Amino acid sequence: MAAFRAFRPLMDRVLVQRVAAETKTKSGLFIPEKAQDKVNVATVIAIGPGRIAEDGGERPVVVKVGEKVLVPEYGGTKVNFEDTDYMLFRDGDILGVMDS
């Protein structure tokens, strides 16, 4: 069993894995690693149950596991499970959901 499957984010946190950067242009040229842009698109791997609002009601996490989301370039908490990098963001820090 993968270690991240045993990990459950708390509160309104979302575990994501960034999509790999393009290493080749459409015309077939290879892009050097230093010239590759940082990818802000990620796949949601796991979500927490949500948070408790000021009025006492529950506020569930907006995104769902498997969705592609737009995340900020900076921020989040880097975590590593079995030599794979993931990022933890709060639900409110996610910028949007990518439509298929």
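Within segment 86-99, restricting attention to residues that are in contact (Cβ under 8 Å) with a residue 12 or more places away in the chain and assigned to a loop (DSSP other than H, G, I, E, B), which residue is nearest to residue 15 (Cα to Cα)? Taking the candidates together, the pick is 94. The residue that is most open to solvent (accessible area, probe 1.4 Å), among those in segment 56-85 that are outside any loop (DSSP other than H, G, I, E, B), free of Cβ contacts under 8 Å to residues at least 40 places away in the same chain and closer than 20 Å to residue 6 by Cβ, is 78. Filtering segment 30-55 to residues that are open to solvent by less than 50 Å² (accessible area, probe 1.4 Å) and either on the phi > 0 side of the Ramachandran plot or modelled with pLDDT of 85 or more (or both) leaves 41, 42, 43, 44, 45, 46, 48, 50. Would you tally the residues in segment 4-29 being over 14 Å from residue 68 (Cα atoms) and either open to solvent by 50 Å² or more (accessible area, probe 1.4 Å) or at pLDDT below 85 (or both)? The number of residues fulfilling the criteria is 18.
Which of the residues that make up segment 86-100 are loosely packed, with under 12 Cβ neighbours inside 10 Å and touching a Gly at 6+ places or on another chain (Cβ under 9 Å)? Correct list: empty.
The values are calculated or read from the model by the stated rules, or taken from the named source; none is laboratory data. None of these values were measured; they are calculated from a predicted model. In this analysis, Cβ positions are derived from the backbone assuming ideal geometry, glycine residues included, and neighbour counts consider all displayed protein chains. Remember, those area values only see protein heavy atoms, side chains included, never the ligands or the DNA or RNA. Shrake-Rupley method; radii C 1.70, N 1.55, O 1.52, S 1.80 Å.
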